[in-house]
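Have a look at the structure below before the remarks.
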Amino acid sequence: MTDIFTGSFTQQEPIPDEGIEAALRVLRHGRLHRYNLAPGELGETAELEQEFAAATGAKYCLAVASGGYAMATALRALGVKPGDKVLSNAFTLAPVPGAIASLGAVPVFVGVTQNLRIDLDDLAARLDCGARVLLLSHMRGHICDMEALMALCDAAGVRVVEDCAHTMGASWNATPSGRFGAMGCFSMQTYKHVNAGEGGFVISDDPDLMARAILLSGSYMLYDRHRAAPPPEAFAQLRYDTPNISGRMDNLRAAILRPQIARLPERAAAWNARYARMEQGLRGTPGLTLIDRPDAESKVASSFQALLLDWPGAGIETALAACRARGVELKWFGAPEPAAFTSTYRHWRYANPEPMPATDRILAGLVDMRLPLTFSLADCDQIAAILRAEIGATFQSP
Ligand SMILES: *Cc1c(COP(=O)(O)O)cnc(C)c1O
């Protein structure tokens with residue numbers, strides 16, 4: 001075994017050849033705008049929407065410019081107004097509270113459990129804050145007990161929007177992620193489960209909400225060119241009352257995405273195999289707490305998390321530096337200053353977050369890494385061996 005890992009944690013797989021060929025066809029015919037269609041042509045974007053609706057079992061699907069745009073559109077469709085409170089996760093990515101703030105609404109943060117799911121007790125305690133919507137983030141693919149969450153929210157009259165940026169292709173008790181809430185939102189940004197550079201989906205079974213979302217996304221009066229949309233009647237009145245907030249998907253990115261959607265199950269299996277090797281290699285490492293994955297969850301494990309629970313910050317810094325020296329860069333959610341993608345609720349000061357000590361304890365020890373599909377299983381074994389050695393050597397048992 002070599003001492004230093006030399007792979008890249010940010011190197012994606014190439015776009016499938018079919019996607020490259022489809023993209024070249026779009027570039028050659030030049031009709032990149034989704035509503036620019038030749039006679040009889042459905043368009044790559046409309047076909048992509050049909051295919052993703054079929055993949056998730058949703059009645060309706062809308063493709064848009066980004067995951068963040070998808071979430072803001074879902075909140076607008078649900079009638080969130082400036083000044084409204086919207087519940088969301090304290091542990092998530094910055095575009096989630098950002099989507100709430102983009103409407104002039106105010107995020108109310110809900111804590112995280114040791115297994116990195118939304119804390120349902122904390123949610124129950126905050127349900128009377130006046131919020132009518134929960135923007136639920138399945139952060140890093142960890143899905144909470146969805147039956148329990150929906151029962152709590154339904155009883156309180158709180159609508160749920162699911163942020164499935166890390167759960168595209170995943171499910172809970174065989175129901176695809178994104179199919180529990182009133183609307184489900186996805187991201188096709190480079191670091192998610194499909195890669196178009198940027199992009200987002202909104203799915204729903206509700207014709208009124210979806211007609212609003214399509215009009216909001218900038219459909220002009222061309223909504224009949226959608227193929228995974230509600231019937232024209234759903235738009236008849238709404239088209240006078242709904243502003244156009246342009247954020248459409250284009251045919252070039254849709255062309256790249258279609259073969260990737262078709263490959264999701266096979267990619268999920270490849271990610272889960274890598275995750276299992278990492279878990280196996282790290283089990284029993286002194287000082288390292290692994291995350292329990294419930295049986296009801298069918299995951300797409302494109303990243304790996306673990307806890308250095310109750311370690312002093314200086315000890316974590318020492319361990320991370322030792323791992324980094326051997327080519328393994330862990331992201332740390334407990335650092336005082338946010339770096340790259342690791343900001344959490346404490347850093348989103350525009351939302352006036354109140355301290356959450358139980359959540360702080362978890363985030364203080366949380367380390368994270370991507371598992372790109374360009375890693376082999378042997379790479380995973382080598383990374384796990386390096387982490388095991390360096391973390392084990394730094395850990396001082398109490
Ligand atoms: C990436 C991501 C999003 C959406 O991000 P975009 O970059 O706007 O597509 C939403 N939620 C989480 C948890 C994410 O990681």
- line: Taking the range 350-366 and keeping residues assigned to a loop (DSSP other than H, G, I, E, B) and buried (at least 16 other Cβ atoms within 10 Å of the Cβ) leaves 353, 356, 365
message: Out of the residues in the range 271-290 meeting the condition of being open to solvent by 30 Å² or more (accessible area, probe 1.4 Å) and among the hydrophobic types (A, V, I, L, M, F, W, C), tell me which one is nearest to residue 375 (Cα to Cα).
response: 273
message: Only one of 357, 372, 353 is touching a residue at least 40 places away in the same chain (Cβ under 8 Å) and out of contact with any helix residue (DSSP H, G or I) (no Cβ under 8 Å at 6 or more places or on another chain). Can you tell me which?
response: 372
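Restricting attention to the range 325-333, does a residue exist that is part of a helix (DSSP H, G or I), modelled with pLDDT of 95 or more and more than 28 Å from residue 110 (Cβ to Cβ)?
So in the range 325-333, the residues part of a helix (DSSP H, G or I) come out as 325.
Restricting the remaining residues to those that are modelled with pLDDT of 95 or more gives 325.
Restricting the remaining residues to those that are more than 28 Å from residue 110 (Cβ to Cβ) gives 325.
For the range 325-333, residues part of a helix (DSSP H, G or I), modelled with pLDDT of 95 or more and more than 28 Å from residue 110 (Cβ to Cβ): present.
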- prompt: If we scan the range 55-73, do we find a residue that is over 30 Å from residue 253 (Cα atoms) and open to solvent by 10 Å² or more (accessible area, probe 1.4 Å)?
  reply: no
query: Can you find even one residue in the range 128-135 that is away from the ligand (no atom under 13 Å from the Cβ), open to solvent by less than 10 Å² (accessible area, probe 1.4 Å), without any contact (Cβ under 8 Å) to a residue 60 or more places away in the chain and under 16 Å from residue 178 (Cβ atoms)?
result: yes
- line: A careful count of residues in the range 187-206 that are within 15 Å of the ligand (Cβ to nearest atom) and part of a loop (DSSP other than H, G, I, E, B) gives 12
- request: Can you give me the number of residues within the range 21-43 that are open to solvent by less than 80 Å² (accessible area, probe 1.4 Å), free of Cβ contacts under 8 Å to residues at least 60 places away in the same chain and not in a loop (DSSP other than H, G, I, E, B)?
  value: 2
message: With the requirement that a residue be within 16 Å of the ligand (Cβ to nearest atom) and free of Cβ contacts under 8 Å to residues at least 40 places away in the same chain, what does the range 138-172 give you?
response: 138, 144, 160, 162, 164
- request: Please enumerate the residues belonging to the range 291-349 that are loosely packed, with under 14 Cβ neighbours inside 10 Å and on the phi > 0 side of the Ramachandran plot.
  value: 310, 340
field: Pairs, first closer than 22 Å to residue 271 by Cα in the range 177-194, second among the hydroxyl-bearing types (Ser, Thr, Tyr) and near the ligand (Cβ under 7 Å from one of its atoms), C-beta under 7 Å, six or more apart
entry: 187/66; 189/66
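Assess whether residue 119 counts as being more than 15 Å from the ligand (Cβ to nearest atom) and modelled with pLDDT of 95 or more.
yes
The values are calculated or read from the model by the stated rules, or taken from the named source; none is laboratory data. Not measured: the values here are computed from a predicted model. Because the Cβ atoms are built from the backbone with ideal geometry, glycine has one as well, and the counts that use them run over all protein chains shown. Side chains are part of the model used for accessible areas, which takes the heavy atoms of the whole protein and leaves out ligands, DNA and RNA. Shrake-Rupley method; radii C 1.70, N 1.55, O 1.52, S 1.80 Å.
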